[in-house]
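Read the structure below first, then the notes.
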Amino acid sequence: DQQVKQNSPSLSVQEGRISILNCDYTNSMFDYFLWYKKYPAEGPTFLISISSIKDKNEDGRFTVFLNKSAKHLSLHIVPSQPGDSAVYFCAASGYSGYALNFGKGTSLLVTP
Amino acid sequence: DAGITQSPRHKVTETGTPVTLRCHQTENHRYMYWYRQDPGHGLRLIHYSYGVKDTDKGEVSDGYSVSRSKTEDFLLTLESATSSQTSVYFCAISGGAGAVVTDTQYFGPGTRLTVL
C-alpha cells in the first residue's frame, strides 16, 4: 500500500514561472520529509527536507511546505529553469536510520 | 556529493545465474541501503544495514541477500536471477559521523541489471 503519493505523473511549466509539486502521505508516524531530484541514468540527488516540527523550509529557489493536518507537502521552485527538468521524488521517514518511503515521482519539464 | 560508487554500472545476465552488486562508500556512514527502481513503483527498499554484519529486510527482499563485512562495502546478491529482477538498483547511505539527522540518504549512481 502506497504510503506516499504523488498524484501528478508529469508537470510542464514555462521558464521563469513557479513550479509546484505536490505530495500526500497517509502514515501519521512520518516525521521527516525529503525531496529528491533525479536525472536519467543518475542516482537521486537530495534537494531539500523538512521536519514535522516545521511548516516551511527554504533553500534558494526551493521551498518545501508541510501541512500536517492535511498530510500534504509541496515543493515550490521559483523561478523555474530548464535545468530543473527532471523527475522529483517525495520521500518520508518515521524511523531514524530506516528506509525512506518514496512516492512514484513527478516528471517536471521546464520549457524555454 | 557523498562518495558512493556502485559496480558494475551495467550488467546483462541469464536467468538462473548468481549476480552480486557492490556498493562502496568512502564517507564512513553507518547506514547503507539497497533500493530498486521500477516504472510505476518509485524506489522500494530491498535490504538495509545498520552496521557491520547487521542487516535487515526491506519491502521487497525475496530473492535477494546482502552482506556487510566492512563499513565501506555493502553487497547485494541475487542467488538465482529471474526476469522479474530486471531493474535499476540504487545503493544509499546515511548517518555520517556527527549527523544530527540520520534520515537524509545519499544515493549512488545506480546499476542497471537485465536478466534475460
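The values are calculated or read from the model by the stated rules, or taken from the named source; none is laboratory data. The model shown is predicted, which means the values in this text are computed figures rather than measured ones. All Cβ positions, even for glycine, are placed from backbone atoms using ideal geometry, and neighbour counts span all protein chains on display. Just the protein is used for accessible areas: all its heavy atoms, side chains included, with ligands, DNA and RNA removed. Shrake-Rupley method; radii C 1.70, N 1.55, O 1.52, S 1.80 Å.
One residue stands out among those in the range A:87-101 that are open to solvent by less than 10 Å² (accessible area, probe 1.4 Å) and not in a loop (DSSP other than H, G, I, E, B): the one that is farthest from the other protein chains (Cβ to nearest Cβ), which is A:88. For residue B:103, the conditions (1) more than 14 Å from the chain's Cα centre (by Cα); (2) touching a residue at least 12 places away in the same chain (Cβ under 8 Å) are fulfilled apart from (2).
Name the single residue that is most open to solvent (accessible area, probe 1.4 Å) among those in the range A:8-26 being within 15 Å of residue B:42 (Cβ to Cβ) and in a loop (DSSP other than H, G, I, E, B). Top of the filtered list is A:9. If I filter the range B:24-45 for residues that are on the phi > 0 side of the Ramachandran plot, part of a loop (DSSP other than H, G, I, E, B) and more than 10 Å from every other protein chain (Cβ to nearest Cβ), do I get at least one hit? Yes: one or more hits. Taken over the range B:35-57, the criterion of being farther than 17 Å from residue A:41 by Cα and within 11 Å of the chain's Cα centre (by Cα) is satisfied by B:44, B:45, B:46, B:47, B:48, B:49. Of all the listed residues (A:92, A:70), the sole one being within 30 Å of residue B:49 (Cα to Cα) and either aliphatic (A, V, I, L, M) or touching a residue at least 24 places away in the same chain (Cβ under 8 Å) (or both) is A:92. The residue that is nearest to the other protein chains (Cβ to nearest Cβ), counting only those in the range B:46-80 that are in a loop (DSSP other than H, G, I, E, B) and touching a residue at least 40 places away in the same chain (Cβ under 8 Å), is B:71. Every residue in the range A:52-83 that is outside any loop (DSSP other than H, G, I, E, B) and surrounded by 13 or more Cβ atoms within 10 Å (Cβ to Cβ), please. Result: A:57, A:62, A:63, A:64, A:65, A:66, A:72, A:73, A:74, A:75, A:76, A:77.
Of the residues B:76, B:43, which is modelled with pLDDT of 95 or more and among the hydrophobic types (A, V, I, L, M, F, W, C)? Step by step, each of B:76, B:43 is checked, and only B:76 is modelled with pLDDT of 95 or more and among the hydrophobic types (A, V, I, L, M, F, W, C). Any idea which residue in the range B:12-26 is farthest from residue B:86 (Cα to Cα), counting only those that are touching a residue at least 60 places away in the same chain (Cβ under 8 Å) and open to solvent by 70 Å² or more (accessible area, probe 1.4 Å)? Among those residues, the one meeting the criterion is B:18. Could you please find all residues in the range A:33-49 being more than 11 Å from the chain's Cα centre (by Cα) and more than 9 Å from chain B (Cβ to nearest Cβ)? Within the range A:33-49, A:39, A:40 qualify.
Taking the range B:39-56 as the range and being in contact with a strand residue (DSSP E or B) (Cβ under 6 Å, 6 or more places away or on another chain) and open to solvent by less than 20 Å² (accessible area, probe 1.4 Å) as the test, the residues that pass are B:42, B:43, B:45, B:46, B:47, B:49.
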